[in-house]
Every structure is written in C-alpha cells, then in structure tokens.
1. Does any residue in region 6-24 that is in contact (Cβ under 8 Å) with a residue 40 or more places away in the chain and assigned to a helix (DSSP H, G or I) come within less than 8 Å, Cβ to Cβ, of a residue that is among the basic types (Lys, Arg) and open to solvent by 60 Å² or more (accessible area, probe 1.4 Å) six or more places away or on a different chain, and which pairs are these?
2. On the basis of being in contact (Cβ under 8 Å) with a residue 40 or more places away in the chain, outside any loop (DSSP other than H, G, I, E, B) and closer than 17 Å to Ala282 by Cβ, does Phe53 make the cut?
3. In region 1-59, what count of residues is obtained for those that are open to solvent by 70 Å² or more (accessible area, probe 1.4 Å), touching a Ser or Thr at 6+ places or on another chain (Cβ under 8 Å) and closer than 26 Å to Ala184 by Cα?
4. Here are some conditions: (1) crowded, with 21+ Cβ neighbours inside 10 Å; (2) more than 22 Å from Ile251 (Cα to Cα). Ala78 meets all but one. Which one does it not meet?
5. Can you pull out the residues in region 196-249 that are part of a loop (DSSP other than H, G, I, E, B), over 29 Å from Thr142 (Cβ atoms) and β-branched (Val, Ile, Thr)?
6. Can you pull out the residues in region 186-211 that are open to solvent by 20 Å² or more (accessible area, probe 1.4 Å), over 21 Å from Gly46 (Cβ atoms), touching a residue at least 24 places away in the same chain (Cβ under 8 Å) and of a type outside the set (Val, Ile, Thr)?
Amino acid sequence: MSRALTFLIAGAGSLGFFILGLPLPFLLGPMFACLIAALAGMQLKGAGQFGIFMRTFLGVAVGSSITPELLGRMPEIASSLAFVPLFIATIAVVGYPLLRHVFGLDPVTSWYSAMPGGLQDMLIFGEEAGGDPRALSLIHATRVVVLVSCAPVLMQFVWGLDLSVAPGQPISSISPSQIAIMVAAGLFGWKFFERIGLFGASILGPMIVATALSLAGVIEARPPAEIIQAAQFFIGIAVGVKYVGITSREIRVNVVAGVLYSVLLGVISFGFFIVITRLELAPSLDALLAFLPGGQAEMVVIAIIAGSDLAYVVTHHILRIVIVVLFAPVIGRRFPRRRSN
C-alpha cells in the first residue's frame, strides 16, 4: 500500500510539473512530491530492485554514446580531468570544517558527509566507520536535491535550453531487437559488476557492457525517450523517500547543514567552471555539468536532456567518485568513532 501511494504521489508530482511547464517534470516532479509528502509525515516506500533496474538504462545511454571517435578525444579531455583531484581536495578542506565545527557533527559523520562521492558508498563507509547513517543519508540527499534543482534553472536562464523536450527518439523508431539488447546489457552489466563489488554497479556496469557493444556495432541507438523518462521517475522517487520519518531536529541540523553545504559546493563548482572555461578546456555547459557534484544518475539524466557531451561529463563524475571511494576511507580511519547515545 505504501508503494502504491508513493507511485500515486510521484505521478501527481510529474503531472503538476508538466502542466506548469516546469523543467524536468519526470525527475523533479516525483522528487519534490515525495519529499513534501515525506516531510508531511506520510509513510512512503521506494521502488526497490525495480527502481534500481531502471537506473541501468542511464548506463546504457552513456555507453551507447561512446564511439571510436569519442575515444579519440580522450587526450583532450585529460587536461580537464587533471583538475578533479584539486576539486575534491577543495571540497574536503571547506566542507569538513563546516559540518564538524558549525553544525557539531561527529568527525566521522562530518568527513563522509563532506565527501562528494556516491550516496550509497558514503553511507556504507560512514556507517562502518561509526558515523551516523541517518545524518549521512539526509545530508547527501539534500545535496542532490539542491544541486539537481538549481542546475536546470541555471541552464534555462543562462543557456536558454528547453528542458521539456523528449530525451531521445520515440520508442516506435527503435527496433524491438535493439531494445531487447539494451535491456539485456543493462541487466547483465548491473548484476555481474554488482557481484564483483564495483561501486555504482547499476550505472557503471551497464555503461561498460553497452560501451563494448556500441564499439562492436551491436548497439546502434540510445534507449528511447520513454525509457529515459521512466528512469527519471524512479530516480526522483528514490531521492524523495530519503526524507521519510524525518524529525524536526533532523531538519534543523542535518537538512540545514545539507543546504549550506550545497551552497558551498555550488560556489566551489562555479570557481572550477570559470577556470575550465577560461582555459578553453571545454564548452561552458559541459564544464558546468562535469563539475557540479549532484548524484551520478541525476547528472547523467540532465546531461542527456541538455544534449551535453556525455563522454566528457560522465568521465569527470566517474573519476570524482573513483578518487573519493579509494581515498575517503583511508583518511576516514584517522577519525575517532562516534560515541553511542
């Protein structure tokens, strides 16, 4: 019953955004509708494994966009990638003191909340190190909500993009055999790489498989618009339901901390955006999406709809997450564990 209610609320959110002409109705509509319902005390429930399966199509969309021509551009992308470690270090130096000393979170929770890695990875690492999993979840979810909400507004205002257009070809224009291959690539890539422990396996696994199939000429198109829109819908639900059961204290401390932290991230991202564009290392829109640390799935959706250079944008996000996943636990071990209440 909770799941059916969640889908109903999410659907109403999408419809409302669509009628009002607001950007990304299939992503932001469900996200805000579920968020508001959760804040109102409603017991919502995510889509479970099916919701994760729908994410696999984003990985397939990225992989199917990678061609031999794009691989030939990797040397020019490398000059921009060199800024990613400095980007992460800047976030750590600014974010950790904010969460630790301004909001009084314990050292472990502050560290893993400040790390701009995958939400699930930071939750696992932080909880294993003795951090507060609820605070981690709310701060990272708030980061995603704020950055993913602000990006479309900025893109419409500065670049004049129409984010209400369909994110690809209609399903009627793609052969059933191609869709079947995409489904198989997504499912196999997700489960195989999840089994071997790859972080972000639901997106990166399908991306790896789809890239191989695209380079081999087996996959000849991206997933159709309807499937990408469905994936947006379930991603929006997944973010919104993170706020179920939230207390007034969690709003005052964790959500406010997440909002202020997101503002800091936005300022830092803007600084790197200016550097990258001034050095002419990438077009301005690609630079914005590459250095804006929203959720990996959410940023892929925005890049697809905006018609951005997927190879450039996704490569930067993957490198960011790889660095955080590899090095955050190494530094995190130096912090004392949180005392139990």
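1. Thr6/Lys45
2. So Phe53 does not fit the description; no.
3. Residues that pass the stated criteria total 1.
4. Exception for Ala78: condition (1).
5. Ile196, Val218, Ile219 - these are the residues of region 196-249 that are part of a loop (DSSP other than H, G, I, E, B), over 29 Å from Thr142 (Cβ atoms) and β-branched (Val, Ile, Thr).
6. Answer for region 186-211, where residues must be open to solvent by 20 Å² or more (accessible area, probe 1.4 Å), over 21 Å from Gly46 (Cβ atoms), touching a residue at least 24 places away in the same chain (Cβ under 8 Å) and of a type outside the set (Val, Ile, Thr): just Met207.
The values are calculated or read from the model by the stated rules, or taken from the named source; none is laboratory data. All values reported here derive from a predicted model rather than from experimental measurement. We place every Cβ from the backbone using ideal geometry, glycine too, and count neighbours over all the protein chains shown. For accessibility, only protein heavy atoms count, side chains too; no ligands or nucleic acids. Shrake-Rupley method; radii C 1.70, N 1.55, O 1.52, S 1.80 Å.
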